[in-house]
1. Among all the lysines, which ones have a C-alpha under 29 Å from Lys37's C-alpha, if same-chain residues fewer than 8 places away are not counted?
2. List the lysines whose Cα sits under 29 Å from the Cα of Lys237, skipping any in the same chain fewer than 8 residues away.
3. At a 1.4 Å probe radius, which order do Phe152, Phe114 fall into by accessible area, largest first?
4. Could you identify which residue out of Arg163, Arg176, Arg48 has the top mean-square fluctuation in a GNM of the chain using Cα springs shorter than 10 Å?
5. Among Asp157, Asp87, Asp288, which one moves the most in a GNM of the chain with springs linking Cα atoms closer than 10 Å?
6. Over 10 Å intervals from 0, what percent of Cα-Cα pairs in the stretch 51-133 sits in each interval?
7. Would you list the P(r) distribution for the chain, with all Cα-Cα distances sorted into 20 Å bins from 0 and each bin expressed as a whole %?
8. Of the GluC sites (Glu not before Pro) in the stretch 274-354, which ones lie in a loop per DSSP and count no more than 13 other C-beta atoms within 10 Å?
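The values are calculated or read from the model by the stated rules, or taken from the named source; none is laboratory data. Bear in mind the structure is a predicted one, so any value in this text is a computation, not a measurement. Virtual Cβ from ideal backbone geometry, glycine too; neighbours counted across all protein chains shown. Accessible surface areas use protein heavy atoms only, side chains included; no ligands, DNA or RNA. Shrake-Rupley method; radii C 1.70, N 1.55, O 1.52, S 1.80 Å.
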Amino acid sequence: LELDLINAIGAAATSAEVEAVRVAALGKTGTISGLLKGMGAMSPDERREKGPMINGLRDRVGAALAARKAELEAAELDARLLAERIDLTLPPAPRRRGSVHPTMQVMDEITALFAEMGFSVAEGPDIEDDFHNFTALNFPPKHPAREMHDTFFLRPDPETGERKVLRTHTSPVQVRTMRVTNDKPPASWIAAGREPPIRIIAPGRTFRKDSDATHTPMFHQVEGLVIDRDIHMGHLKWTLQTFVARFFEMDAIDARFRPHHFPFTEPSAEMDIRCDRSGGTLRLNAGDDWMEILGCGMVHPNVLRACGLDPSEWQGFAFGMGVDRLAMLKYGIPDLRPMFEGDTRWLAHYGFSP
Ligand code: PHE
């Protein structure tokens, strides 16, 4: 029996097989357990004679089982460590990185160019009140101009009935910049104006109910405002002509200022740049097409008054440009809508992905 068991233990190839041998010998109904139980029925003499042999057998088989089990477990562990080994010399899997969106890229470029000209950056909220978006900007009450802007209105406030809007342009930031107090309408709407000179740009998101190849319901503008003494159209033209030339990285850009109307500027103009759009590409200073890139004008006296500044002392000019439109021009993007669909293949196509 001992020889058979020792052979079986030696032949066991896994710790599970060792366990099977253990159960067969030392388990409840195992062969050695049977011999041990049998000792109870022996006479004292017989037990003295056979006892040491049976106990010795149990001890030796037990020891052999434990030794084989340890050996096999060690081998199994080695095999596992070998299989699971991590190769630290492998290069890591490439990680996908984000990149700057064309609109934000252009917004940063515009900001940097105006910063060089001494402008600082101002901000206002996306959710605006009627006063800042329209009234203070000289939109007459109930005037169709308010509807002209395809305004998104928020649900009226149940207590005050006030209807906030998603700002339709960045021009309300002009008002917020000029007015010292711009809290709690309407009593405190009588403001003291911030002491000029003022020289700011206001980049931000704007919203209108509009969607086609060159309009999206959410878009971006950069507003500009300069207030000082003796400011005139010449300052406006120089500033904007200098800006577009630097933006498009040219010595000069052929531009024209076409008379226009905005309630908050007088006179008002739109700035067009000359370009050739034939053949699917866009060339500046070529052809006889004129493309509108921004609205501008001299700040209307009513706006200055609404902001607490005396128009006989202070004058200024303002402008507002469509950032997404400028990004399309600079990077040759034909359709505005995919700009905000978040498809990284589109970004990669225009070189905005690493
Ligand atoms: N707010 C005007 C628009 O969104 C642009 C503009 C800004 C025009 C400042 C004149 C002065 O169309």
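1. By straight Cα distance, Lys37 reaches Lys28, Lys50, Lys69.
2. Filter leaves Lys330.
3. Highest to lowest solvent-accessible surface, that is Phe152, Phe114.
4. Largest GNM mean-square fluctuation: Arg48.
5. Result for the chain, Cα springs under 10 Å: Asp87 fluctuates most.
6. Over the stretch 51-133, the share of Cα pairs per 10 Å bin runs 12, 14, 14, 10, 9, 9, 9, 9, 8, 6, 2 percent.
7. Percent of Cα pairs in each bin: 23, 33, 9, 9, 16, 10, 1.
8. Those satisfying the criteria are Glu313, Glu341.
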